[in-house]
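Report on the structure given below.
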Amino acid sequence: MRVIHFFDYKSPYAYLVQADARALETECGAELVLLPYTLSDAEFASPSPDAMATDRDAPARRRRARYVLRDCKREATRRGLPLVPPPAPVDSADAHVAFLYARRQGDPRAFHDALFDRFWRRSLDLGDLDVLCQLLSSVGLDAAGFPSFLEGAGRAEYARLEEWAHEAGVFGVPSFLVGNELFYGMERIPHVREALEKL
């Protein structure tokens, strides 16, 4: 049984669901396959004052952004996890290519877990090449080839994965693919478990 789990390091919901996703392996005997999926900045940005004046949907988007932050902080507190949001939208694409680089060297879990933890403690810049190289090294991986991978084969590999994710119906994170069935949102974990039981 295999579960493909799509994540984005800048998504608080993807961060909060990691323990539940890992439990699918230990409790359901599933193989958990981690794949990055980069959300657009627009999904996290609160509308600007100009947009508030001209866009009739902007106030609702701002209320949604405030709610998401409160909701995630509540859930983080319930789970005993740190959650300090970045002050502005961030680009996680380079960090996702770094995950693919770590995967080429073996099990990327140590890198994956360390990046999620440090980013949501606000002690890591997702877009800083030196920081990503240091993190790769800190978990025992060879970071020397990452810069060239990032600018070449890594970008191409990530583009292929993104295209495949779109074909599978992925539009956000956290998402879980069991066979041909897609489940979106951290609250869908029970549905993922049910799908696994039917396999």
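The values are calculated or read from the model by the stated rules, or taken from the named source; none is laboratory data. Nothing here was measured: the structure is a model prediction, and the numbers come from that model. Here the Cβ is made from the backbone with ideal geometry for all residues, glycine too, and neighbour counts use every protein chain on show. We work out accessible area using only protein heavy atoms, side chains counted, and drop any ligands, DNA or RNA first. Shrake-Rupley method; radii C 1.70, N 1.55, O 1.52, S 1.80 Å.
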Report, ordered by the first and then the second residue, all pairs with beta carbons closer than 6 Å, sequence separation of six or more or different chains, a first member in segment 60-86 that is farther than 16 Å from ARG118 by Cα, and a second member that is assigned to a helix (DSSP H, G or I).
-> CYS72/PRO12; GLU75/LEU16
Looking at this structure, is ALA168 farther than 18 Å from ALA21 by Cα and of a type in the set (A, V, I, L, M, F, W, C)?
-> yes
THR54: passes all of (1) modelled with pLDDT of 95 or more; (2) open to solvent by 70 Å² or more (accessible area, probe 1.4 Å) but (1)
Segment 151-169 residues that are within 10 Å of TYR37 (Cα to Cα) and touching a residue at least 60 places away in the same chain (Cβ under 8 Å), paired with ones that are in a helix (DSSP H, G or I) and among the β-branched types (Val, Ile, Thr) (beta carbon under 9 Å, 6 or more apart) | TYR158/VAL97
Helices (runs of 4 or more DSSP H) (entirely within segment 61-175) containing at least 3 residues that are open to solvent by 60 Å² or more (accessible area, probe 1.4 Å), out of contact with any Gly (no Cβ under 7 Å at 6 or more places or on another chain) and on the phi < 0 side of the Ramachandran plot = 129-138, 153-167
Matching entry among TYR9, TYR15 (being aromatic (Phe, Trp, Tyr), modelled with pLDDT of 95 or more, in a loop (DSSP other than H, G, I, E, B) and surrounded by 13 or more Cβ atoms within 10 Å (Cβ to Cβ)) = TYR9
